[in-house]
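Asker: Have a look at this one before I ask anything.
Bear in mind that the values in this text are calculations on the coordinates, not laboratory data. It should be emphasised that the depicted structure is a prediction, and the values quoted were computed from it without experimental measurement. Every residue, glycine as well, gets a Cβ built from its backbone with ideal geometry; the counts of neighbours run over all protein chains shown.
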């Protein structure tokens, strides 16, 4: 269940077991349940200096969640968290994952403005 996966994500020692983190994030992304939003955001913060493959998976999962505009506003997922990764992550795969997640969010929400603006502003800039 989603709540079991969230518990697993919260208990995952990312630096010791990034592969488990990847698997959990993928499973949460498949479910698409917005309950996973805050735990995934927290995990992405924990991973800032950690395993980049796990970062990619968490970002992909965030892009796959069915999140309302209200939830996006409340967490500032697009404006602060994803854009920050896109602009500052040293790993190009992570930046590409952010770009795709923003496109997914834009599409799912029918054009969430901050996602559209970020895509316009930062796309195709090495």
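Asker: Just give me the residues in region 104-115 being in a loop (DSSP other than H, G, I, E, B) and either within 14 Å of the chain's Cα centre (by Cα) or surrounded by 17 or more Cβ atoms within 10 Å (Cβ to Cβ) (or both), in sequence order.
Answerer: We begin by selecting, within region 104-115, every residue in a loop (DSSP other than H, G, I, E, B); these are 109-112.
Within region 104-115, 109, 112 meet the criteria.
Asker: Being within 12 Å of residue 18 (Cα to Cα) and more than 12 Å from the chain's Cα centre (by Cα) is the filter here; which residues of region 30-48 pass it?
Answerer: If the condition is that a residue be within 12 Å of residue 18 (Cα to Cα) and more than 12 Å from the chain's Cα centre (by Cα), then 46 is the only one that fits.
Yes/no per residue for (1) surrounded by 13 or more Cβ atoms within 10 Å (Cβ to Cβ); (2) not in a helix (DSSP H, G or I):
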{"position": "49", "(1), (2)": "no, yes"}
{"position": "54", "(1), (2)": "yes, no"}
{"position": "59", "(1), (2)": "yes, no"}
{"position": "66", "(1), (2)": "no, yes"}
{"position": "84", "(1), (2)": "yes, no"}
{"position": "96", "(1), (2)": "yes, no"}
{"position": "102", "(1), (2)": "yes, no"}
{"position": "117", "(1), (2)": "yes, no"}
{"position": "121", "(1), (2)": "no, no"}
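Asker: Which ones in region 72-82 are exposed (fewer than 15 other Cβ atoms within 10 Å of the Cβ) and assigned to a helix (DSSP H, G or I)?
Answerer: Once the filter is applied, which keeps residues that are exposed (fewer than 15 other Cβ atoms within 10 Å of the Cβ) and assigned to a helix (DSSP H, G or I), region 72-82 yields 73, 74, 80.
Asker: Sticking with this one: How many residues, within region 1-29, are more than 18 Å from residue 65 (Cβ to Cβ) and either surrounded by fewer than 17 Cβ atoms within 10 Å (Cβ to Cβ) or in contact with a strand residue (DSSP E or B) (Cβ under 7 Å, 6 or more places away or on another chain) (or both)?
Answerer: Number of matching residues: 7.
Asker: Among the residues of region 30-47, which ones are within 17 Å of residue 102 (Cβ to Cβ) and either in contact (Cβ under 8 Å) with a residue 60 or more places away in the chain or surrounded by 21 or more Cβ atoms within 10 Å (Cβ to Cβ) (or both)?
Answerer: Listed by number, the residues that qualify are 37, 40, 44.
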